[in-house]
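Q: Structure below; questions to follow.
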Amino acid sequence: MAAHVLPSLDRITASSQLILGCPPVTVFLVAITQKSINYKAVLSSSGFQADVKALQKVLASRHMVYQHQHNKQMSCPAMAQLLSNTLYFKRFFPYYAFNVLGGLDAEGKGCVFTYDAVGSYEKVGYSAQGSGSTLIMPFLDNQLKSPSPLLLPAQDSITPLSEHEAVDLVKTVFASATERDIYTGDKLEIMILKADGIKTEVMELRKD
């Protein structure tokens with residue numbers, strides 16, 4: 001399994017592979033699910049499929065309430081805080097879901113937030129979740145050369161990439177992970193968020 005989100009200056013590229021797997025050490029049904037919450041944010045989740053669906057349902061309903069109350073779409077940073085609160089509320093019996101949220105902030109720039117199962121989150125330059133993340137993240141670290149968060153003054157962690165470069169990088173890392181992780185495969189769904197909407201592309205991966 002692998003989910004991956006990569007920001008650029010005016011767009012966000014989110015991708016996830018579409019596969020259901022069952023590791024031999026657990027009876028949980030695991031999957032990657034990618035959902036467009038609104039035109040400003042996409043949530044990629046790995047983990048127990050029923051918990052992922054339940055979490056997405058809760059977020060969708062709360063986003064609808066927000067829309068009715070404020071007459072506007074929730075921004076990605078606001079959605080990031082809502083997701084954190086939702087996960088933390090269930091911390092004593094948590095959703096078995098590991099999430100990456102990507103979208104556009106108020107300035108129209110790409111932003112990425114990565115989570116653990118109980119709502120702790122961090123804004124990062126790029127992220128991956130799932131069993132394939134241990135293969136994908138070193139590749140991204142090498143290619144994107146994100147600055148250390150310890151540097152002062154803080155440096156922008158977004159590496160400028162064109163849309164073509166970002167999509168090509170996503171396809172490369174997933175093709176590599178598919179060759180080495182038995183739970184990564186079948187299909188790759190890539191969602192590109194821009195100010196004018198969302199574009200989706202599907203790529204076939206290994207099916208064995």
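The values are calculated or read from the model by the stated rules, or taken from the named source; none is laboratory data. Source: prediction; values computed, not measured. Cβ: placed from backbone, ideal geometry, glycine included. Neighbour counts: every protein chain shown.
Q: Within the stretch 35-50, identify whether any single residue is in a helix (DSSP H, G or I), modelled with pLDDT under 90 and surrounded by 14 or more Cβ atoms within 10 Å (Cβ to Cβ), and answer yes or no.
A: Within the stretch 35-50, one or more residues are in a helix (DSSP H, G or I), modelled with pLDDT under 90 and surrounded by 14 or more Cβ atoms within 10 Å (Cβ to Cβ).
Q: Any residue at all in the stretch 72-84 that's farther than 21 Å from Lys194 by Cα and among the polar types (S, T, N, Q)?
A: Within the stretch 72-84, one or more residues are farther than 21 Å from Lys194 by Cα and among the polar types (S, T, N, Q).
Q: Select, from Leu144, Leu150, Leu104, the only residue that is of a type outside the set (Asp, Glu), over 25 Å from Ala78 (Cα atoms), surrounded by 14 or more Cβ atoms within 10 Å (Cβ to Cβ) and modelled with pLDDT under 85.
A: Only one candidate passes the filter, namely Leu144.
Q: Report yes if Ala128 is assigned to a strand (DSSP E or B), more than 25 Å from Ala106 (Cβ to Cβ) and in contact with a helix residue (DSSP H, G or I) (Cβ under 7 Å, 6 or more places away or on another chain), otherwise no.
A: Yes, satisfied.
Q: Looking at (1) within 22 Å of Ala195 (Cβ to Cβ); (2) within 17 Å of the chain's Cα centre (by Cα); (3) modelled with pLDDT of 80 or more, which is the one condition that is false for Glu165?
A: Every listed condition holds for Glu165 apart from (2).
Q: Any idea which residue in the stretch 112-141 is surrounded by the fewest Cβ atoms within 10 Å (Cβ to Cβ), counting only those that are among the aliphatic types (A, V, I, L, M) and more than 12 Å from the chain's Cα centre (by Cα)?
A: Val118
Q: Which members of the stretch 66-76 meet the condition of being in contact with a Phe, Trp or Tyr (Cβ under 8 Å, 6 or more places away or on another chain) and either surrounded by fewer than 18 Cβ atoms within 10 Å (Cβ to Cβ) or at positive phi (or both)?
A: Matches in the stretch 66-76: Gln73 only.
Q: Quick one: would you say Ala60 is over 25 Å from Thr184 (Cα atoms), at pLDDT below 85, surrounded by fewer than 18 Cβ atoms within 10 Å (Cβ to Cβ) and of a type outside the set (Lys, Arg)?
A: no
Q: Please go through the stretch 183-208 and pick out each residue that is touching a strand residue (DSSP E or B) at 6+ places or on another chain (Cβ under 8 Å) and assigned to a loop (DSSP other than H, G, I, E, B).
A: Answer for the stretch 183-208, where residues must be touching a strand residue (DSSP E or B) at 6+ places or on another chain (Cβ under 8 Å) and assigned to a loop (DSSP other than H, G, I, E, B): Tyr183, Thr184, Gly185, Asp186, Ala195, Leu205.
Q: Inside the stretch 64-106, can you point out the residues that are of a type in the set (A, V, I, L, M) and assigned to a loop (DSSP other than H, G, I, E, B)?
A: If the condition is that a residue be of a type in the set (A, V, I, L, M) and assigned to a loop (DSSP other than H, G, I, E, B), then Met74, Ala106 are the ones that fit.
Q: Now for a different question. Which ones in the stretch 107-116 are assigned to a strand (DSSP E or B) and modelled with pLDDT of 90 or more? Explain how you work it out, then say what you get.
A: Step one: of the stretch 107-116, the residues assigned to a strand (DSSP E or B) are 110-115.
Those that are assigned to a strand (DSSP E or B) and modelled with pLDDT of 90 or more: Phe113, Thr114, Tyr115.
Q: Separate question: Has the stretch 122-132 got at least one residue that is among the small types (Gly, Ala, Ser), under 18 Å from Cys76 (Cα atoms), modelled with pLDDT under 80 and in contact with a strand residue (DSSP E or B) (Cβ under 9 Å, 6 or more places away or on another chain)?
A: no
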